């Protein structure tokens, strides 16, 4: 996978972030944050949203200590009233449409959250689309094509 690491993560910072959240992060996502404190994808990485029958470009995965655009805390504070409990926004496409990670419960997994109703199928009743059961599975969905 072709991406630029914003900066390296560390375990203590991720543990402190998890304490502030008040819930446990999935182990695979926590490991990712420990190694990569935010990443920017290159060369047109994308994933397929089967419910929309569309490929979606991937831009960034937020970091715990990242600057404003890359900050997981900042992004989640903006949308905190729009996402379920024990979940967080973990990244976005180039247009700013978020990727949602639900960490606990029967709907746990990774979702595409079309909060701006970009796709014709999206509405107030349906704008969140399942992508994968785990963060690791989501990362395996990403396809990177050369320019």
Expected 222 nm ellipticity per residue - DSSP helices of 4 or more, -39500 (n - 2.57), all of the chain, to 500 = -6500 deg cm²/dmol
Pairwise centroid distance, computed over Cα atoms, of segment 89-147 with segment 19-84, Å = 9
Pick from 125, 92, 53: which residue has the top mean-square fluctuation in a GNM of the chain where Cα pairs under 10 Å get a spring?
-> 125
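Coordinate-derived values only; no laboratory data. In this text the structure is predicted, and so the values were computed from the model without any measurement.
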